[in-house]
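Okay, so here's the structure we're looking at.
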Amino acid sequence: MKKQSYITAMIAILLLMFLGACGSDDNSGNSTSDAADEGGMELGGKKLTLGVDSYVSNTSNTYVAKLLLEEIGYDVDINQTDVGVEYTGLNEGSNDAIVGGWLPTTHESYWEEYGDNLEKINTVTENVELSLTVPAYMEDINSIKDLADNTDDIGEKLDWEITGISPGAGEMKIMNEDVMPGYGLDDDWNLTESSGGAMSAALGDAINNEDPIVVTLWEPHWTYNEYDLKKLDDPKEKFGKPDDVFAIAGKDFEENHPAAYKFLSQFEISQKDTQDIMQAIKNDVSEEEAAKDFIAEHPDLKDKWLEGIETAG
């Protein structure tokens, strides 16, 4: 009887150990769920971190992705950093995915460093463009070459200053390494470092006073909705061809988060839609509320993005 009791106890212990192992975390370190809904696509690891930089064109789309991933059944955090840390996080695993990878030009240096470990899942937005931009009332300035030639004494009028954004931005690297030396602007002109918000504020102040200003800008951006602006021609093509914006993740993302991978492979948004969300954020709507409003107003897009994926609700 004692031997039989011992065997019974051991079987019970082994059964408990087996059940405990079945409920443990998966290889990605996240708690697992079989599916977003009964019969639906597997979620894999339920915890996700989306990386994003500080530029509103990327944060707006990231919050749209966050809300929809949460509808699918994921627990989503947003990790907002600068671009370099964003890509380092993708490479090291502290960020699971991003929806704001500007390639092949703007984020070229980061892709060269980390691209072997990453996957471009899908094109989120096509033909996004960097430029030097001025208010449309600056009629005599139409090209970056006009800055180099000091057309209309533009250098003196601006104290030889081009208003830039944060120093870690891909556009600032291109400005410093290609545009400024390519046009000889580095002889006289200064590229000032600020932030996306500070640049936009400086542009707005100048336009309100009809003062001249030259800024580093990109499209999509809410200022193109708000003001009458003019991109300066780039005859030497130092900004390169327009980028596409990609959803990017580590190469094990599809295996670890199947439903999230399918969603990102279907997530596409136009420049106009991005600018509309940015405009709402500029008008003091929170990023999450602006994204929520956009989703509610565009059920056709939501259906397209979630096609073939069961939602948790």
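The values are calculated or read from the model by the stated rules, or taken from the named source; none is laboratory data. Bear in mind the structure is a predicted one, so any value in this text is a computation, not a measurement. Note that each Cβ is placed from the backbone with ideal geometry, even for glycine, and that neighbours are counted across all protein chains shown.
A few remarks follow.
- Test: Leu185 is at pLDDT 95 or above and either charged (D, E, K, R) or touching a strand residue (DSSP E or B) at 6+ places or on another chain (Cβ under 7 Å) (or both): no
- Where a residue in segment 215-230 is farther than 19 Å from Ser143 by Cβ and buried (at least 17 other Cβ atoms within 10 Å of the Cβ) and its partner, wherever it lies, is modelled with pLDDT under 90 and of a type in the set (Lys, Arg), with Cβ under 7 Å and at least six apart: Trp222/Lys282
- On inspection, Ala280 does not qualify as assigned by TED's automatic domain parsing to the domain that holds Ile295, within 18 Å of the chain's Cα centre (by Cα) and within 29 Å of Ser94 (Cβ to Cβ).
- Residue among Asp228, Asp205, Asp159 that is modelled with pLDDT of 95 or more and on the phi > 0 side of the Ramachandran plot: Asp159
- Test: Val128 is among the β-branched types (Val, Ile, Thr) and closer than 19 Å to Ala169 by Cα: yes
- Pairs, first without any contact (Cβ under 8 Å) to a residue 40 or more places away in the chain in segment 145-163, second in a helix (DSSP H, G or I) and not acidic (Asp, Glu), C-beta under 8 Å, six or more apart: Ala148/Leu185; Gly155/Leu147
- Thr105 being assigned by TED's automatic domain parsing to the domain that holds Gln266, over 25 Å from Leu69 (Cα atoms) and either in a helix (DSSP H, G or I) or modelled with pLDDT under 95 (or both): yes
- Being surrounded by 18 or more Cβ atoms within 10 Å (Cβ to Cβ), outside the structural domain of Leu118 (by TED's automatic domain parsing) and either of a type in the set (A, V, I, L, M, F, W, C) or within 24 Å of the chain's Cα centre (by Cα) (or both) is a description that applies to Gly164.
- Among the candidates Thr105, Thr123, the residue that is β-branched (Val, Ile, Thr), surrounded by fewer than 17 Cβ atoms within 10 Å (Cβ to Cβ) and on the phi < 0 side of the Ramachandran plot is uniquely Thr123.
- Selection status of Ile269, assigned by TED's automatic domain parsing to the domain that holds Asn58 and either at pLDDT 95 or above or surrounded by fewer than 17 Cβ atoms within 10 Å (Cβ to Cβ) (or both): yes
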